[in-house]
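Heads up, the thing below is written out as structure tokens.
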Amino acid sequence: MQLDDRKMKILTAIVRNYLQTGEPVGSRTISKETDLNLSSATIRNEMADLEEMGLILQPHTSAGRVPSDLGYRVYVDAMLEEKRAEVDEMKDVLLERQERLEDLLKQVVKLLANNTNYATMISAPKVKGNRLKFLQISRMNAEQILATIVMEGNVIRNKMIAVDEDLNEQDVLKLNILMNSTLNGLAIEEINLGMIAAMKQQAGEHGEIIAAVIDAATESIRDSEGLEIYTSGANNIFRYPELADHQKAQDLISTFEEKERLSGIVEETLSAADKERGIQVYIGNETPVQSMKDCSVVTATYELGEGMRGTIGVIGPKRMDYDRVVTILKDIMHQMDALYAP
């Protein structure tokens, strides 16, 4: 049933007031609690139309109105649709932001290599203490749903889940509201068996889907603990004779190609940043990566808000231009910090 904006606002006000007080709702109450700026007489006329449509009832003469079953249905359907639109809009914004961030990191590391003539790296931001921001399931077909998990720091993961039942749109909306009203803001270790059991009971015949989505969220948080590292300028190593020795150069190139071997630099830098944030310089044997013992590594930590931190690094010979590298890193670090500043 389609209602114009005025009638929908009046019906919503009646439902919400009646749910709160249990008393019939009059035109004066509606005029005070809506932004319609209508006279009581106009509101009464609209209420009469809603009554004719079977959406509200008048218990007795001169009393206010209460919602009918059909009125509750129209209100709930509109609310569910609004919630779905909010989740879809938020998901689209966050996905766009994530894609922009990945492109940005690739541009930054390339620019840094070009400006320094050294090898460079940058890690995607790592989130401390992942908490769930929201969950959304979407029906893909009769046998699959897509779970979109958004974690603290706006880290997004998508997981396909096989289902044994064909969900309709209303089932999907109700499950989304149930999960988000219960789980938003919780760390995965705070979701206990009692909470899951209560949600499964509320979900009724769809209880197993709740368990499957929570399993997917747990897996996503574990996956997010891995590091995504972007590199550039590895061939700049050959510019410096002391690093151009075949075996040394091969080891360094392999390190950049495998990338996971660079995680030691990231972890070391982020750990140091917990104590005192700033530029870190590792010379020779100080570097946490064995293949870089003949190099110097200069790193900085950037922040993108909400506990998101990443590492920028420059790898070159021990005779690198430290002043210039530190200046460039500080400038990039401050620009990255400001990028998502509130």
- Descending packing, highest mean Cβ count within 10 Å first, for 5-11, 137-143 is 5-11, 137-143
- Note on the structure: Across all Cα atoms of region 132-224, Rg and the largest Cα-Cα distance (Dmax), in Å, are 12.2, 33
- Message: Test of understanding: what is the full-extension gain from residue 110 to residue 158, defined as 0.36 nm times their sequence separation minus their Cα-Cα distance?
- Response: 14.4 nm
- Quick calc, the chain, dipole around Cα centre from Cβ unit charges on Lys, Arg (+) and Asp, Glu (-), nearest 20 debye, gives 920 debye
- Message: Per 0.36 nm of contour for each residue apart, how much would the distance between residue 35 and residue 334 grow if the chain were fully extended, relative to their Cα-Cα spacing?
- Response: 103.2 nm
- Query: When ranked by the protection proxy of mean other Cβ atoms within 10 Å per residue, highest first, what sequence do the peptides 52-62, 209-219 form?
  - Reply: 209-219, 52-62
- Would you be so kind as to identify which of 162, 198, 187 lies farthest towards the positive end of the dipole of region 162-238, taking Lys and Arg as +1 and Asp and Glu as -1 on Cβ and the Cα centre as origin? 187
- Query: Which links in 126/200; 9/200; 106/159; 126/293 stretch past 29 Å when you go from one Cα to the other?
  - Reply: 126/200; 9/200
- Task: Find how much the distance from residue 44 to residue 69 grows on full extension, using 0.36 nm per residue of separation minus their present alpha carbon separation; answer in nm with one decimal.
- Result: 7.0 nm
- What number comes out for the charge environment of residue 30, summing +1 per Lys or Arg and -1 per Asp or Glu over other residues with Cβ under 10 Å away? +3
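Quick note: the coordinates plus some simple rules give every number you see, no bench work behind them. Note that this is a predicted model, so its numbers are computed, not measured. Because the Cβ atoms are built from the backbone with ideal geometry, glycine has one as well, and the counts that use them run over all protein chains shown.
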